[in-house]
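Peer 1: Before we start, here is the structure in question, set down as structure tokens.
Computed from the coordinates by the stated procedures, all read-outs in this text should not be read as laboratory data. Because the structure is a prediction, the values reported are computed rather than measured. Glycine also receives a Cβ, built like all others from the backbone with ideal geometry; neighbour counts cover every protein chain displayed.
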Amino acid sequence: MAGINKVILIGNLGRDPEIRHFEGGSSVATFSIATSENWQDKSGEWKEETQWHNIVAWRWLAQRAEQYLKKGSRVYIEGKLTNRSYDKDGQTRYITEVVANNLMLLDPRPEAGGAPGGYSAPGAADMPNQMNQQPPSGTTNEPDAMNGGSEGEVDDLPF
């Protein structure tokens, strides 16, 4: 039986997405989001702990991230947890990332004149809140070697 690798996060972007474009038209967006947990300790004092998560979005999602996500944006992300390593200054470093296959912008849609006290992405009023890894009609979303070919898989789990 195969295992399940699914991550769901809701948080705020810590910085604008970094976008890289490759030959052949493929692109990747990387950014981090913060999630916070609040609890009350034994003395009744409220505590908060913030965790940072590295997010990677490929192809169509990378284009949407570039177009609509900005530092501070509140997003819902579904994806899978991945680990990789790299060498820097002769030392092996390890990184854990979430490879996104679904993004949903949770910021309120701006009214005429923009959202009060918040960021209004250009054209955000026309943006669908849900952005998933499926491209619009008439485009392709072929898996590539850089992404392990897992894009577009549909899980048949009831939840």
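Peer 1: Of the peptides 59-69, 76-86, how do they stack up when ordered by the mean number of other Cβ atoms within 10 Å, highest first?
Peer 2: Ranked by mean Cβ neighbours within 10 Å, highest first: 59-69, 76-86.
Peer 1: Could you list 37, 97 in order of exposure, starting from the residue whose Cβ has the fewest other Cβ atoms within 10 Å?
Peer 2: Sorted ascending by nearby Cβ count, the order is 37, 97.
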